[in-house]
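Single-structure report; data block below.
The values are calculated or read from the model by the stated rules, or taken from the named source; none is laboratory data. Just so it is clear, the structure is predicted and the values come from calculations on it, not from any experiment. Backbone-built Cβ (ideal geometry, glycine too); neighbour counts: all protein chains shown.
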Amino acid sequence: MTAAAAPDDAHRRVAPASGRFSRAYEDFIDGGLEMAGVTQDTNTQTQIVTGLRSVSMVSSRFLMATKSLLVDPAAPNAKNQLTQAARYWLHTLMCLISLNCEFCLFLFVFCFFV
């Protein structure tokens, strides 16, 4: 593949990946909101909703970094910014999943031992 063809190929690959990301993100947010609605503990609800907001904000930054790299692949630090955004997105997502796992463990213990 030539260097001139690389940007076109990247654009073709990003479009379907973006669609998959969008569907997975929507499912994730719906599941998080459902989980927040199930709990009666307002502190846990607040933590879940705050985590979902953080994931939303970081997802937006990640997608903007991707778009910036596609528009100008030679821009200074474009790849580093995308890598940073991806790492921060993953960290934020893992924090929310960890919170939800703690909540699920609490429900498991509560349901089976109470």
When residues of segment 1-44 are limited to those that are more than 21 Å from the chain's Cα centre (by Cα) and acidic (Asp, Glu), the one modelled with the highest pLDDT: ASP41
Number of the condition not met by TRP89 [criteria: (1) free of Cβ contacts under 8 Å to residues at least 12 places away in the same chain; (2) closer than 23 Å to ARG23 by Cβ; (3) surrounded by 12 or more Cβ atoms within 10 Å (Cβ to Cβ)]: (1)
